[in-house]
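Remarks on the structure that follows.
The values are calculated or read from the model by the stated rules, or taken from the named source; none is laboratory data. Computed from a predicted structure; not experimentally measured. Ideal geometry is used to build each Cβ from the backbone, glycine not excepted, and the neighbour counts take in all protein chains shown. We work out accessible area using only protein heavy atoms, side chains counted, and drop any ligands, DNA or RNA first. Shrake-Rupley method; radii C 1.70, N 1.55, O 1.52, S 1.80 Å.
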Amino acid sequence: MSRPTLVTGAAGFAGGHLLDLLSREGHDVVAWHRRGSEPTRNLPGVRWQVVELLDKSAVARAVEDNRPQAVYHCAGAPHVGRSWETAEATLAVNALGTHNLIESLRDRAADARILIPSSALVYRPLGAPLGEDQPLVPASPYGLSKLAQELVGSGNPEGPIVCIARPFNHFGPRQAPWFAASGFARQIADIEAGLSAPVIAVGNLAAMRDLTDVRDIVRAYRLVLERGIPGRPYNVCSGRAIEMRALLDMLLERARVPIRVVPDPSRYRPNDLPLVVGDPTRIREELGWRPEIPLEQTLDDLLSFWRDHAVAP
């Protein structure tokens, strides 16, 4: 019998979209989620399991039971801004949780290939596109935790086979509203439904970010896992940056009612970087990946998602 594909963090944002992709392609998938993040969708070929990554024994038992051939390690603490207040938990989940998974795979499925989705925030901030050879000097607890995750994963010569993706900002339907684009879209949908006053509170709109649809991101994850050189990081990005103010303007153009924008100092992050943009040359030339979904379609899909979830009084 063929061995399954494992997706950790499968109830999360990127993990959920990865499940969509793998299910459509007919994969046998084991989907891990933590208690409290219960799955809301049943997909063909997907079996759900509750596994706490910080419980080393539980991870070992689950790996022993499944012996996966391929692993997409999408679980982790995802929020950059909140990592300043939750640094210890962020480091524990992203570094220690990865350690527990890697150790269990080494002892029970050493020939498995595992994809570690790291982050663009492992790099030293620069005012130019970031290539994979740029210095690794994280500027936040989140970035530090993702660099630790990479090092934990790549420091095991006895297996498993570790592949590394460094995604830049990604967004799309089903993203939590504490991320900028999704938060804007949710506020617009709530205002249209009469649930909120016609005002959007914003943080730093001058920041520029390299944005890619999450559905393109998970296609890249699959390519890096299947064809990437082990231990060689691949930026997953568009190579273009958009100002948050311009992104909000594009969403407001799609709004069905007039909306006023007001600044909210509580939404500003410590050490918010003015520009984060990547160089996608390596993944484009070595693996043939490039984004396919236009920004306008992602915004339309994001707004549609939140409109479907806004309930008018």
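With the helix formula -39500 (n - 2.57) applied to DSSP H stretches of n ≥ 4, the chain reaches a computed 222 nm mean residue ellipticity of -11000 deg cm²/dmol. If you sort HIS73, HIS170 by accessible surface, 1.4 Å probe, largest first, the order is HIS170, HIS73.
Out of all DSSP beta bridges with both ends in the range 188-313, state the antiparallel percent to the nearest 5. The partial results should precede the final answer.
On the way: 2 of 8 bridges.
Here the antiparallel bridges make up roughly 25 percent for the range 188-313.
Give the residue list of GluC sites (Glu not before Pro) in the range 1-67 that are DSSP loop and have at most 15 other beta-carbon atoms within 10 angstrom. The qualifying sites are GLU25.
Only loop residues by DSSP count here, and only those with at most 15 other Cβ atoms within 10 Å; note down the chymotrypsin sites (Phe, Trp or Tyr not before Pro) in the range 234-313 that meet that. Mind dumping the intermediate values first?
Working: sites: TYR234, TYR268, TRP289, PHE305, TRP306; in loops: TYR268, TRP289.
Sparse-neighbourhood loop chymotrypsin sites (Phe, Trp or Tyr not before Pro): TYR268.
Contact order, relative form, for the range 188-313: 45 percent (alpha carbon pairs under 8 Å, 6 or more residues apart, mean separation divided by residue count).
Note on the chain: Cα Rg divided by 2.2 N^0.38 Å, N the number of residues, gives 0.99. In the range 70-199, Cα pairs under 8 Å separated by at least six residues give a relative contact order of 28 percent.
State whether the range 1-65 is rounded, prolate or oblate according to the following rule on the C-alpha gyration tensor (a ≥ b ≥ c being the square roots of its eigenvalues): a/c under 1.5 gives rounded; otherwise a/b larger than b/c gives prolate, and the remaining case gives oblate.
Numbers: a/c = 2.29, a/b = 1.26, b/c = 1.82.
Taking the square roots of the gyration eigenvalues as a ≥ b ≥ c, the range 1-65 is oblate.
Accessible area per residue for the range 55-179 is 39 Å², calculated with a 1.4 Å probe on protein heavy atoms, without ligands, DNA or RNA.
Take every DSSP beta bridge whose two residues both sit in the chain, then give the antiparallel share in percent to the nearest 5.
On the way: 2 of 35 bridges.
So the antiparallel bridges amount to about 5 percent of the total.
Our summary gives the chain a relative contact order of 18 percent, counting only alpha carbon pairs under 8 angstrom and 6 or more residues apart.
Specify whether the C-alpha gyration tensor of the range 241-292 places it in the rounded, prolate or oblate class, a ≥ b ≥ c being the square roots of the eigenvalues: rounded for a/c under 1.5, otherwise prolate if a/b is larger than b/c and oblate if not. Intermediate results must be reported in sequence, preceding the final value.
Details: a/c = 4.61, a/b = 1.66, b/c = 2.77.
Cα axes put the range 241-292 in the oblate bin.
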